[in-house]
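Asker: For reference, the structure I am asking about is given below.
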Amino acid sequence: MKRLKITVQGQVQGVGFRPHVYRIATELGLTGRVKNNASGVDIEIQGQNIDHFIRRLQAELPPLAEIDTLKHKNILIEKNEKKFTIEKSELGNIKTKIAPDATICDYCLTELFDPHSRYYRYPFINCTHCGPRYTITYHLPYDRSTTSMHSFVMCEHCRSAYQNPLDRRYHAQPIACKKCGPQLSKNISDIANDIRAGKIVALKGLGGYQLICDAKNTNTIQRLRQNKNRATKPFALMVFDLACAKQIVNCTAEDEILLTSRERPIVLLPKKNAVLPDEIAPNLNLLGVMLPYTPIHYLLFDELRESILIVTSANISGSPLIIDDHEAQKKLSSIADVIVSYNRNIVVRVDDSVARIIDKKPVFIRRARGYAPRAITLPYDIPPTLALGGYLKNTICVTRGREAFLSQHIGDLNHAETIQFYRNTISHLLKILDVKPECVAHDYHPDFYSTRIANEFNCPVFSVQHHHAHLAACAAEHGITDNAIGIALDGFGLGEHFESWGGELILYQNTHYQRLGSLKPIMQPGGDRATKEPWRMAASILYELNQSTEIAKRFVKYPQSKLIAELLEKKIHSPLSSSCGRLFDAASALLGICEIANYEAEAAMALESKVTAPFILNSGWTIESNQLNLLPLFEKLLLLNATDGANLFHGTLAAALVEWIGIHAKENNINTVLLSGGCFLNKVLSDCMINQLKARHLTPYFPHQCPPNDGGISLGQAWVAGNKMMEKNKCV
Ligand code: ZN
Ligand code: ZN
Ligand code: FE
């Protein structure tokens, strides 16, 4: 007989942890109490066989709970204690963390289709193990009154479930039923009929409105593209289950796990041929596929079991996902044929997450629903830091001790509404986590909106170079604090002396870095315009290869092609860039795959899609004065067709980069290699490089918890700035 005080930290509030403790204690005939505290849960437990209790506590965790630490000590036995109780905490409910929104759980799914259940076919069924969280929460403590469920008064049934520790809905804040909860504005079978009839339906989802239509109806897809002003950017698909997914894409074991995971991201998977219209993802060999994650999705698939649906964000091109009902009515009527809403507010906008498997592990392209605002664990505590991110695909990051809270994907900061969303996210995340930043981090670029607001926060400000931040994010996630060789490959980041960087070999030294080398800089004719017109980069390569006369011949359809040769010759309006992204553009355009990009990275994705088996041209590169020169590879590409060219480009680029890394790793006597930057979302390149680095007995690290693209740089900025703040504090 003994009494233990157990302190548990982690995601243990608002996820059914206390009832879980209660149930096990009661089953084992133990006495004591459990309550929430400021940083987790306190348990006092008394009786025989307490070891068994601790084992079960961890082994039978509720689906959304996560234990970070569990400490216990012996305390004095309490005589006359008769039972185990859940105590009200002095602090209200959750003080610490808010869980991400979760896919409907198996219990609720069973009830949803059980005619005897009181939740039968109720589109907003949820419990402690599932349902909305982050998207409905105004502020902490997490309680019904602080969520957008506050206006719904619980019926008698819901209230008794809510108050019963043995009920799955004990303290499930969004608890609701047909009688007392939110209602859909149109019934499911009518929505299903609309979809069958080829209509575009705007449906209010978990983190925003979505546009839904039949993915087999070419006319509808063309209409959707026209209405959305979206020429070629791929649409995501939703299918009923894994078996349905396998009819349209090929899945490895890792893909299957990711696709069916509780987070339910959109997963990029290799297309099976000739099943679906090309209009879904033109010129790509991949499809973005997800499985249903809300009760509404499951109710729809109950009617449309064999269907494949396009499910895409409902927004006006360039601006964020629409969450407001009035705005939806106003703005979506020109895109959708039908608008379906419900009467619960979406508080926080969260897009669907997008991921793919690289090196047999999930990698984020967009980290949002299901993951945000889950914390990434830092190697050690740093002062509370706010990192403002960059410009494209922006996120922000707020740290608290060892926890780094990366916001959901916000978007490109080039639009008034996105900037509003960005500002809201900053204040919301600071408020919900109860953090007052002691320092602020931003990018080197003086003109980014994110840089310009850094001084608003009244605390020390640290500027972090873009590629340093990319590598720091990777290092922070993997707990690497020693020196490492880092390679950052992306589209653009401002260099130390206002150069355009994007193919950088870096000696990473935690708060500092040294640029060891770069890809050989190439002119970018027309500046930023070249990012949208890959043929301009092809022209630049032709110029470098002394084949300027080819420019007008190959790209005759572009009126500027004659002028470009002259710009290059005179080196006007053609800034140099060491960007790897631009080399992908050049290769894609030279091979005739993509000359004009309708969306970011289209040229690179279309090029990757042509790869069948990467092949190395051993004479394809030179390394001189710390620059990797790939012009010999490009010279060869001029003679090849698209597939052979794509194979040779990927194989040779990977081999060249690995050799280059190898040289510097040896020189610096370092085995650790950090890989980051948007180009690493290219699976062919990444898998090739990771395998070859391992074969050379180097240890590559790849970002798996934050996106390798600019969606991850706020994490790196926070890590660098927090560390610099510590150094600064030591000096004072
Ligand atoms: Zn549930
Ligand atoms: Zn009810
Ligand atoms: Fe970048």
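Asker: Nearest 10 degrees is fine. How inclined is helix 713-731 to the longest principal axis of the chain, computing both from alpha carbons?
Answerer: Result, in degrees: 80.
Asker: Run the numbers for residue 59 and residue 241: contour at 0.36 nm per residue of separation, minus the present Cα-Cα distance, in nm.
Answerer: The residue 59-residue 241 span can extend by a further 62.7 nm.
Asker: Taking only C-alpha pairs under 8 Å that are 6+ residues apart, what is the relative contact order of segment 316-377 in percent?
Answerer: Once normalised by length, the contact order is 23 percent.
Asker: Here's a follow-up. Among 250, 224, 268, whose Cα sits farthest toward the positive end of the charge dipole of segment 224-278 (+1 at Cβ of Lys/Arg, -1 at Cβ of Asp/Glu, about the Cα centre)?
Answerer: The one lying farthest along the dipole's positive direction is 224.
Asker: By what distance, in whole Å, do the Cα atoms of segment 161-227 stretch along each of the three principal axes, largest value first?
Answerer: 52, 21, 18
Asker: For segment 602-732, with the dipole built from +1 on Lys and Arg beta-carbon atoms and -1 on Asp and Glu ones, taken about the Cα centre, which of 623, 719, 651 lies farthest toward the positive end?
Answerer: Positive-end residue among those listed: 719.
Asker: I need to check one value: relative contact order of segment 379-472, counting alpha carbon pairs closer than 8 Å and at least 6 residues apart, in percent.
Answerer: The value is 28 percent.
Asker: Same structure, new question: Over the chain, calculate the relative contact order: mean separation of alpha carbon pairs under 8 Å at least 6 apart, over the residue count, as a percent.
Answerer: Result for the chain is 11 percent.
Asker: Can you give me the C-alpha center-to-center distance between segment 534-561 and segment 605-619, rounded to a whole angstrom?
Answerer: Distance between centres, Cα-based: 22 Å.
Asker: Let me check I've understood the local charge: for residue 240, count other residues with C-beta under 10 angstrom from its C-beta, Lys and Arg +1, Asp and Glu -1. What total comes out?
Answerer: Counting the neighbours of residue 240, the net charge comes to -2.
Asker: Which of the chymotrypsin sites (Phe, Trp or Tyr not before Pro) across segment 483-540 are loop residues per DSSP, with 14 or fewer other Cβ within 10 Å?
Answerer: In loop regions of segment 483-540 (DSSP not H, G, I, E or B), the sparsely surrounded chymotrypsin sites (Phe, Trp or Tyr not before Pro) are 498.
Asker: Sorted from largest down, what three extents in whole angstroms do the Cα atoms of the chain have along their principal axes?
Answerer: On the principal axes, the chain reaches 92, 68, 46 Å in Cα extent.
Asker: Taking 0.36 nm per intervening residue step and subtracting the Cα-Cα distance, what contour gain separates residue 162 from residue 572 on full extension?
Answerer: Computed gain between residue 162 and residue 572 is 140.7 nm.
Asker: Specify the angular offset, from 0 to 90 degrees and rounded to the nearest 10, of the alpha carbon long axis of helix 17-27 from the longest principal axis of the alpha carbons in the chain.
Answerer: Between helix and principal axis, roughly 50 degrees.
Asker: Can you tally the net charge around residue 113? Count Lys and Arg as +1, Asp and Glu as -1, for every other residue whose Cβ sits under 11 Å from the Cβ of residue 113.
Answerer: That works out to -2.
Any read-out appearing in this document is the output of simple, stated calculations on the displayed coordinates, not a laboratory observation. What you are looking at is a predicted structure, and each value in this text was computed from that prediction instead of being measured. Positions of Cβ are generated from backbone atoms using ideal geometry, with glycine treated the same way; all protein chains shown enter the neighbour counts.
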